[in-house]
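Read through the structure below, which is laid out as structure tokens, and then see the notes.
Derivation of every value follows stated rules applied to the coordinates shown; laboratory data play no part. Remember, predicted model here, so these are calculated numbers, not experimental data. Glycine gets a Cβ as well: all are built from the backbone with ideal geometry, and neighbour counts include every protein chain shown.
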């Protein structure tokens with residue numbers, strides 16, 4: 001009886017080994033990282049009194065990783081269009097324009113409009129953005145309604161610009 | 001006493017240690033088989049990286065505010081306490097106050113003021129989220145000057161998908 005049990009155990013051992021060997025497989029996994037990036041937006045700028053316009057730099061992108069050529073970053077620009085002060089009700093109106101580096105051609109950048117960072121075929125995002133129609137938007141310019149200087153009461157006027165960014169499928173434009 | 005021609009020899013006893021050895025091998029093999037047959041679980045790593053390298057000297061950039069953006073972040077389902085935290089890049093010269101909102105505007109979390117080069121405390125949600133994906137969620141960056149006035153500066157919002165598992 002014991003001999004039978006021993007042979008059964010040995011059989012089970014070989015069966016386990018053979019099953020184990022036949023079940024051997026190679027699992028290939030690919031971990032595709034999610035895109036991440038750093039958006040660099042203009043910081044605090046002081047604008048000279050009675051200036052008609054001022055460059056505030058531009059929006060760039062850096063530290064991008066995980067992008068495919070089918071993805072790009074869009075940034076919507078939102079602003080009130082007024083410098084205000086808590087002391088008075090008077091406001092200084094302004095608008096934003098953008099242009100390419102080394103170019104004098106300016107394009108309107110109204111509140112709610114978007115710029116985009118397109119990607120190359122290898123998934124690398126361009127550092128500088130364009131408008132939706134492809135016009136360059138390297139540099140932003142604040143254009144001030146000079147008539148407002150005449151009525152503005154003394155004080156510190158401020159405004160903020162908000163940048164809403166997101167990763168989207170390539171628009172193909 | 002002399003053994004007869006047809007006298008059987010007494011059966012040899014298999015030592016107990018041999019039985020134990022065989023049993024251990026079988027148990028081990030079964031364990032190996034079971035572990036191989038278990039399905040591979042997909043591990044979606046969080047894309048969250050601070051992007052900071054502590055070994056390199058960071059140059060402050062007064063003209064620009066660096067805003068980290070992500071397409072997707074992963075949260076743990078059915079619990080408010082998360083392990084995720086968010087950085088204020090060291091090159092910045094402003095405080096960050098970061099908020100996480102759902103698409104419908106529901107505030108999930110808001111940080112304290114975060115100094116440049118620091119990260120927020122691990123986030124604690126205002127309510128636990130069920131498993132699923134929450135597209136068009138918003139990571140809102142409010143920026144404030146580092147002087148006594150704490151004046152609001154240009155801010156940013158980044159759209160992302162919350163993957164809750």
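Protection proxy ranking for B:101-114, A:156-169, using the average of other Cβ atoms within 10 Å per residue and placing the highest first: A:156-169, B:101-114. In this simple spin-label model, placing a label point 7 Å from the Cα along the Cα-to-Cβ direction at both residue B:145 and residue A:160 gives a separation of 1.3 nm.
Sorted from largest to smallest, which semi-axis lengths in Å does the alpha carbon gyration tensor of region B:68-161 give for its equivalent ellipsoid, taking the root of 5 times each eigenvalue?
24, 13, 12
Helix A:2-22 and the longest principal axis of the Cα set of chain A meet at an angle near 30°. For a Förster distance of 22 Å, can you work out the FRET efficiency between the beta-carbons of residue B:85 and residue A:30, rounded to the nearest 0.05? Efficiency computed from Cβ-Cβ geometry: 0.20.
Working from label points 7 Å from Cα in the Cα-to-Cβ sense, the residue A:46 to residue B:60 distance is 1.6 nm. Considered as an equivalent ellipsoid built on the Cα gyration tensor, chain A has semi-axes of 64, 19, 11 Å, the largest given first. Per-residue shielding of A:61-73, expressed as the average number of other chain Cβ atoms within 10 Å of the residue Cβ, stands at 2.
Each 5 Å bin from zero holds the following percent of Cα-Cα pairs in region A:64-130: 4, 15, 17, 16, 15, 14, 8, 6, 4, 2, 0. Taking the helices alone, chain A has a mean residue ellipticity at 222 nm of -5000 deg cm²/dmol, built from -39,500 (n - 2.57) per DSSP H run of at least 4 residues and averaged over all its residues.
Shielding by partners for peptide B:131-143, expressed as the average number of C-beta atoms from other protein chains within 10 Å of each residue's C-beta, is 1.
Of the peptides B:135-142, A:48-55, A:97-104, the ranking by mean beta-carbon count within 10 Å, highest at the top, reads B:135-142, A:97-104, A:48-55. Projected onto its three principal axes, the C-alpha set of region A:82-173 covers 53, 28, 16 Å, listed from the longest axis down. Note on residue A:151/residue B:115: beta-carbon distance plugged into 1/(1 + (r/R0)^6) with R0 of 35 Å gives a FRET efficiency of 0.30. Using the average count of surrounding beta-carbon atoms within 10 Å as a protection proxy, the listed peptides A:107-120, A:139-152, B:120-133 rank, highest first, as A:107-120, A:139-152, B:120-133.
Please give the average number of partner chain Cβ atoms lying within 10 Å of the Cβ of each residue in A:26-37, rounded to a whole number.
5
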